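The values are calculated or read from the model by the stated rules, or taken from the named source; none is laboratory data. Please read all numbers here as calculations on a predicted model, not as lab measurements. Here the Cβ positions follow ideal geometry from the backbone for every residue, glycine too, while neighbour counts run over all protein chains shown.
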């Protein structure tokens, strides 16, 4: 695929990948038969290394015919800093987004970026939301965007904010022990034949299960079995943690202020390390197709675009001094 940057100067990295210096975002042009759809991927969380995951997912989607733009949180010098919660690079990409894949936490963007995101929401753009996106935004109480905050009050019009009202859930708690108990997916049998689950096998992630009770109406696809350790072969924890199991992936539609509702896939999995599991990658890619009302492939190709060695999730572990182009998987 071709990764283009908003600069006149480009340097050839391989026969099929182009990169330019000093740009604030990535664009992966589609290869093969382009379908004309533009997917915007939003990276911006402090812990789960979305700055590594979103470029990888963009490259996979581009290979299937989507144009993909990846936006980041940046320092003033153009280097990626997931802790720069007020910044979203090149938010103009949202103006012509056909779908959004987001992995955000406690963002508090400027008015222009929020207006572009809000406009995309209200024109019915489908969303695939990962992990901490349930608590994607955090604004002061006197902000015009306060209703987006994960802890928004009822009088804001969106009790518990964007996460609860749009995605179906806000931040609740760590249901499993953080960094000690893993997550194994279990299919909700009533919805086992949903196309978003096409060729999605058992997912294992080293992130823990989040507490979740999705706002009705929501269609639960997967529940999370809490495992005793972070080993994929680990047995399940006994007792109340797995009875009942928490939802870890669900679908819903959100009625915005426009005429077309948003199709939403939310999963509380989604650290970069979780996405080493091809079944989780396939769930995300299937969610994009479903959100766009396109036929979901029988078995979407989610082959990694190159050498993929994601950083273990934790605060303060992001790779400092890197620019967006440094996150292209080669």
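Some observations on this one:
- Within the stretch 5-51, the set of residues being modelled with pLDDT under 60, closer than 24 Å to residue 85 by Cα and not in a loop (DSSP other than H, G, I, E, B) is empty.
- Scanning the stretch 213-233 for residues that are in a loop (DSSP other than H, G, I, E, B), in contact with a strand residue (DSSP E or B) (Cβ under 7 Å, 6 or more places away or on another chain) and either without any contact (Cβ under 8 Å) to a residue 24 or more places away in the chain or over 24 Å from residue 312 (Cα atoms) (or both) returns 214, 217, 218.
For (1) under 25 Å from residue 210 (Cα atoms); (2) out of contact with any helix residue (DSSP H, G or I) (no Cβ under 9 Å at 6 or more places or on another chain); (3) in a loop (DSSP other than H, G, I, E, B), each residue gets a yes or a no:
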position: 54; (1), (2), (3): yes, no, no
position: 57; (1), (2), (3): yes, no, no
position: 76; (1), (2), (3): no, yes, yes
position: 83; (1), (2), (3): yes, yes, yes
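- Contacts under 8 angstrom Cβ, first residue in the stretch 107-129 being in contact (Cβ under 8 Å) with a residue 60 or more places away in the chain and on the phi > 0 side of the Ramachandran plot, partner assigned to a strand (DSSP E or B) and surrounded by 20 or more Cβ atoms within 10 Å (Cβ to Cβ), 6 or more apart: 124/262
- Residue within the stretch 246-256 that is touching a residue at least 12 places away in the same chain (Cβ under 8 Å), assigned to a strand (DSSP E or B) and within 10 Å of residue 182 (Cα to Cα) present: no
- Against the test of being within 29 Å of residue 235 (Cα to Cα) and in contact with a helix residue (DSSP H, G or I) (Cβ under 6 Å, 6 or more places away or on another chain), the options 171, 145 yield a single qualifying residue, 171.
- From the options 288, 296, residue that is assigned to a helix (DSSP H, G or I) and either within 12 Å of the chain's Cα centre (by Cα) or buried (at least 17 other Cβ atoms within 10 Å of the Cβ) (or both): 288
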